[in-house]
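The values are calculated or read from the model by the stated rules, or taken from the named source; none is laboratory data. Bear in mind that the values here come from a model prediction, so they are computed numbers and not experimental data. In this analysis, Cβ positions are derived from the backbone assuming ideal geometry, glycine residues included, and neighbour counts consider all displayed protein chains.
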Amino acid sequence: MGRQVDSHEQIREMLALAVAGALGPEEEQLVARHLEICAECSDELERWRVLAGGLRRLPTPQPRAVVVERARAQAEARLTEEMEHHWNQVVMLSLVLYAWILTLLTWPLFRLITGGLLARFEPGFNHSWLLFAAFTSLVWATGGVAAVLLGRHRQQEGRMA
Ligand SMILES: [Zn+2]
């Protein structure tokens with residue numbers, strides 16, 4: 001009987017710690033086992049819980065830091081994902097732009113170089129346009145190869161991460 005009372009008093013002292021989550025697993029089990037048979041301690045624990053709930057509404061640095069850190073990590077992951085998506089778009093757009101600018105810039109140059117030469121054999125626009133079309137296809141193919149290589153490189157990077 002005396003042992004029982006001792007245990008009851010001991011458990012009562014532990015209740016605040018139990019609510020704070022400051023007990024070790026063995027002590028926690030001891031408290032849980034006692035609560036099953038002791039209504040008084042159960043009520044006491046409930047009071048501590050209410051009190052702790054009130055305290056928890058006040059800013060407590062440690063749990064908040066964990067929550068903030070988790071939220072920050074999630075936000076960062078989302079941002080990285082978005083940046084990667086954005087970066088892919090930028091790369092594709094740059095390649096398209098590169099091909100177009102090259103096409104537009106080289107056309108007068110191409111005509112200048114081939115125009116005089118071709119005019120001697122076959123005056124007219126069509127032949128040089130055909131050659132230019134072939135040249136443009138080559139430029140676009142280069143852009144396509146670059147895009148494929150870049151995509152493969154990024155895939156490998158993703159696999160390693
Ligand atoms: Zn008790």
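Return yes when GLU84 is assigned to a helix (DSSP H, G or I), at pLDDT below 85 and either touching a Gly at 6+ places or on another chain (Cβ under 9 Å) or within 16 Å of the ligand (Cβ to nearest atom) (or both) and no when it is not. So GLU84 fits the description; yes. Pairs meeting the criteria (first residue in the stretch 37-50 and in the same structural domain as MET14 (by TED's automatic domain parsing), second residue more than 8 Å from the ligand (Cβ to nearest atom) and of a type in the set (Val, Ile, Thr), beta carbons under 6 Å, at least 6 apart or on different chains) are TRP48/VAL19; ARG49/VAL19.
ALA71 fulfils the conditions (1) at pLDDT 85 or above; (2) away from the ligand (no atom under 16 Å from the Cβ); (3) surrounded by 10 or more Cβ atoms within 10 Å (Cβ to Cβ) except for a single criterion, (1).
Scanning the stretch 37-68 for residues that are polar (S, T, N, Q) and either touching a Lys or Arg at 6+ places or on another chain (Cβ under 6 Å) or at pLDDT 85 or above (or both) gives a single hit, SER42. Out of the residues in the stretch 10-36 meeting the condition of being within 14 Å of the ligand (Cβ to nearest atom) and surrounded by fewer than 11 Cβ atoms within 10 Å (Cβ to Cβ), tell me which one is modelled with the highest pLDDT. Once the filter is applied, the top-ranked residue is GLU36. Taken together, the residues in the stretch 37-51 that are within 9 Å of the ligand (Cβ to nearest atom) and either among the charged types (D, E, K, R) or on the phi > 0 side of the Ramachandran plot (or both) amount to 2.
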